[in-house]
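Chemist: Got a structure here, written out as structure tokens. Questions coming.
The values are calculated or read from the model by the stated rules, or taken from the named source; none is laboratory data. No experiment lies behind these values; they were computed from the predicted model shown. Positions of Cβ are backbone-derived with ideal geometry, glycine not excepted, and every protein chain shown enters the neighbour counts.
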Amino acid sequence: MVSAEVVIKNPTGLHARPAVKLVNLSKGFQSAVTITCGERNCDAKSIFKVLHCNFKIGETVVVKTDGTDEEEALKQMLEYINGLEE
């Protein structure tokens with residue numbers, strides 16, 4: 001398992017459109033992908049769980065990946081979240 005912190009910079013946080021793209025990206029990996037912020041924790045392969053966590057601008061989240069392609073999964077998830085701008 002590997003993990004890293006990232007700050008959400010997108011003014012609207014991880015609302016519906018970026019959340020769908022994030023979920024689709026995470027589904028492309030064999031590894032489990034979770035996102036945590038405080039007590040909120042979600043499976044990044046579930047749109048309902050990601051939306052339920054309601055991640056907002058300025059929040060620091062921890063992305064964890066666990067599996068055969070965990071390094072690449074973590075890299076791409078961090079790049080995606082860092083690149084979000086709307």
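Chemist: Does the stretch 13-23 hold any residues that are modelled with pLDDT of 95 or more and touching a Lys or Arg at 6+ places or on another chain (Cβ under 9 Å), and which are they?
Modeler: Scanning the stretch 13-23 gives a single hit, VAL23.
Chemist: Going through the stretch 25-41 one residue at a time, which ones are out of contact with any helix residue (DSSP H, G or I) (no Cβ under 9 Å at 6 or more places or on another chain) and either buried (at least 18 other Cβ atoms within 10 Å of the Cβ) or closer than 16 Å to GLN76 by Cβ (or both)?
Modeler: Across the stretch 25-41, the qualifying residues are LYS27, THR34.
Chemist: Then there is this: I need every pair where a residue in the stretch 2-25 that is more than 15 Å from HIS52 (Cβ to Cβ) has its Cβ under 8 Å from the Cβ of a residue that is modelled with pLDDT of 95 or more and of a type in the set (Phe, Trp, Tyr), sequence separation at least 6 or different chains.
Modeler: ILE8/PHE55; LYS21/TYR80; LEU25/TYR80
Chemist: Which members of the stretch 54-73 meet the condition of being closer than 19 Å to ARG40 by Cβ and either polar (S, T, N, Q) or within 9 Å of the chain's Cα centre (by Cα) (or both)?
Modeler: Once the filter is applied, which keeps residues that are closer than 19 Å to ARG40 by Cβ and either polar (S, T, N, Q) or within 9 Å of the chain's Cα centre (by Cα) (or both), the stretch 54-73 yields ASN54, THR60, VAL61, VAL62, VAL63, LYS64, THR65.
Chemist: Which numbered condition in (1) crowded, with 16+ Cβ neighbours inside 10 Å; (2) of a type in the set (S, T, N, Q); (3) not in a loop (DSSP other than H, G, I, E, B) is the only one that ASN10 fails?
Modeler: Checking ASN10 against (1) crowded, with 16+ Cβ neighbours inside 10 Å; (2) of a type in the set (S, T, N, Q); (3) not in a loop (DSSP other than H, G, I, E, B), the one that fails is (3).
Chemist: So, one more: Out of the residues in the stretch 60-86 that are touching a Leu at 6+ places or on another chain (Cβ under 9 Å), at pLDDT 95 or above and not in a helix (DSSP H, G or I), which is farthest from GLY13 (Cα to Cα)?
Modeler: THR65
Chemist: Something else now. Could you please find all residues in the stretch 42-86 being polar (S, T, N, Q), within 17 Å of VAL2 (Cα to Cα) and surrounded by fewer than 14 Cβ atoms within 10 Å (Cβ to Cβ)?
Modeler: If the condition is that a residue be polar (S, T, N, Q), within 17 Å of VAL2 (Cα to Cα) and surrounded by fewer than 14 Cβ atoms within 10 Å (Cβ to Cβ), then THR60, THR68 are the ones that fit.
Chemist: Hey, does the stretch 38-47 have a residue that's part of a helix (DSSP H, G or I) and without any contact (Cβ under 8 Å) to a residue 60 or more places away in the chain?
Modeler: Yes, the stretch 38-47 has at least one match.
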